[in-house]
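The values are calculated or read from the model by the stated rules, or taken from the named source; none is laboratory data. Here the structure is a predicted model, which is why all the values come from computation and not from measurement. In this analysis, Cβ positions are derived from the backbone assuming ideal geometry, glycine residues included, and neighbour counts consider all displayed protein chains.
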């Protein structure tokens, strides 16, 4: 499925292109400044991965970025969610859930995988509420989660 712009309330979910990510790098990266475990920088944001610029998403309100998600295709045709961030002023408004829901639509039918920093309990709870199941620990010490996407689920709520 190709991602298209979708407006839900005053939040617009749209594809995040490489050009737009480059243009918005500073404000996008600033959204995670309160996360001590988040070490993403401009190079991570703009790095190339299979299908990344076809899958990644940007959430805006009145054309101002309020969230983003970076994903890529896996070898088995699934999707790996590398990074998702919501502006601290807009957390718990459902933006993260909407980003994951849009990604799940792109993955269906298929599987979404992701990793969570071991100190980020709020993120682990968020993904579990959205149907992700913990799969164990990665070799780098991150908690691994996965979810099968056989249909387009409707999700509600958000927390980072």
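Listed by first and then second residue, the pairs linking a residue in segment 69-95 that is at positive phi and at pLDDT below 90 to a residue that is assigned to a loop (DSSP other than H, G, I, E, B) and crowded, with 17+ Cβ neighbours inside 10 Å, with Cβ atoms under 8 Å apart and 6 or more places separating them unless they lie on different chains, are 92/158.
Can you pull out every residue in segment 132-149 that is outside any strand (DSSP E or B), touching a strand residue (DSSP E or B) at 6+ places or on another chain (Cβ under 6 Å) and surrounded by fewer than 17 Cβ atoms within 10 Å (Cβ to Cβ)? Passing the criteria: 138, 142. Does segment 113-131 contain at least one residue that is at positive phi, touching a residue at least 12 places away in the same chain (Cβ under 8 Å), surrounded by fewer than 15 Cβ atoms within 10 Å (Cβ to Cβ) and part of a loop (DSSP other than H, G, I, E, B)? Scanning segment 113-131 turns up no residue that is at positive phi, touching a residue at least 12 places away in the same chain (Cβ under 8 Å), surrounded by fewer than 15 Cβ atoms within 10 Å (Cβ to Cβ) and part of a loop (DSSP other than H, G, I, E, B).
Residues that are loosely packed, with under 12 Cβ neighbours inside 10 Å and closer than 19 Å to residue 14 by Cα within segment 26-47 comprise just one, 26.
Test residue 104 against the criterion of being touching a residue at least 40 places away in the same chain (Cβ under 8 Å) and closer than 13 Å to residue 127 by Cα, and give yes or no. Against the criterion (touching a residue at least 40 places away in the same chain (Cβ under 8 Å) and closer than 13 Å to residue 127 by Cα), residue 104 qualifies. Residues in segment 43-66 that are in contact with a helix residue (DSSP H, G or I) (Cβ under 8 Å, 6 or more places away or on another chain) and farther than 14 Å from residue 17 by Cα: 61, 66.
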